[in-house]
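Contents: one structure, followed by commentary.
The values are calculated or read from the model by the stated rules, or taken from the named source; none is laboratory data. Being a predicted model, the structure only gives us computed values, none of them experimental. Neighbour counts run over all protein chains shown; Cβ positions are idealised from the backbone, glycine included. Heads up: the accessible areas ignore ligands, DNA and RNA and are worked out on the full protein's heavy atoms, side chains in. Shrake-Rupley method; radii C 1.70, N 1.55, O 1.52, S 1.80 Å.
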Amino acid sequence: MGQRYRWLRILLQPGAEWNAIAGEFTTVGGIYRSYVLPLALVPALSQTLGNLAWGMPVLGQRIKVPLVTALQAGVAHYLLGLVAVFVLALIINALAETFGGSNNQVQAFKVAAYGATAAWLAGVFALVPGGGWLQLLGLYTLYLLYAGLPPVMKVPSDRVIGYGVLTGVAAIVLHLVSRAVVIAFLPPGGR
């Protein structure tokens, strides 16, 4: 079926889509080009436009930021998202054998990249003032990551819970670190 509506299939039919993904021949670069680069733009662009229109949310307040600051934060958000998905794939791959799975960097990258779909798409809610809580819909990513581990990483069903929990914790930590880095490196006038 290809990549065209993968984002929709992974959200609505994750079991069938993960089975299809597991058997596909691809490369990390191919997944980046066809899937990660465009989808990672959704939260970065939404955040940038939301920051310009409504101000940047920092510690429960909205702070008006100059155009340059909003653009810097958006670019940083995008680049850190690209790095985070790769780091998550390294973690998934490193943990695979511990949980009886197959050690394969491309397969691990599939789980990290396609599993992040819900979080990336939920980033669109950064456009809505006060809609940040709707970004919690991105937590569905944790389920997608968990659901992708058995078919893609060949993890036995009796070991997937521990693997899924560690993968989820790693994803959350990477998200929090990325967010902290974006905020920490804002120019003093933009904080």
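Listed by position, the helices (runs of 4 or more DSSP H) enclosed by the stretch 98-183 that each have at least 2 residues that are closer than 26 Å to Ala70 by Cα, out of contact with any Lys or Arg (no Cβ under 7 Å at 6 or more places or on another chain) and small (Gly, Ala, Ser) are 117-122. Every test in (1) out of contact with any Leu (no Cβ under 8 Å at 6 or more places or on another chain); (2) touching a residue at least 12 places away in the same chain (Cβ under 8 Å); (3) open to solvent by 20 Å² or more (accessible area, probe 1.4 Å) is passed by Ala113 save one, and that test is (3).
Let's see how each residue does on (1) in contact with a strand residue (DSSP E or B) (Cβ under 7 Å, 6 or more places away or on another chain); (2) at pLDDT 90 or above; (3) in a helix (DSSP H, G or I):
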{"site": "Ala20", "(1), (2), (3)": "no, yes, yes"}
{"site": "Arg33", "(1), (2), (3)": "no, yes, yes"}
{"site": "Pro43", "(1), (2), (3)": "no, yes, yes"}
{"site": "Ser46", "(1), (2), (3)": "no, yes, yes"}
{"site": "Gly50", "(1), (2), (3)": "no, no, yes"}
{"site": "Pro57", "(1), (2), (3)": "no, no, no"}
{"site": "Gln72", "(1), (2), (3)": "no, no, yes"}
{"site": "Gly81", "(1), (2), (3)": "no, yes, yes"}
{"site": "Leu90", "(1), (2), (3)": "no, yes, yes"}
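The lone criterion from (1) surrounded by 14 or more Cβ atoms within 10 Å (Cβ to Cβ); (2) under 21 Å from Ser178 (Cα atoms) left unmet by Ile21 is number (2).
Scanning the stretch 151-170 for residues being within 18 Å of Ala16 (Cα to Cα) and touching a residue at least 24 places away in the same chain (Cβ under 8 Å) gives a total of 7.
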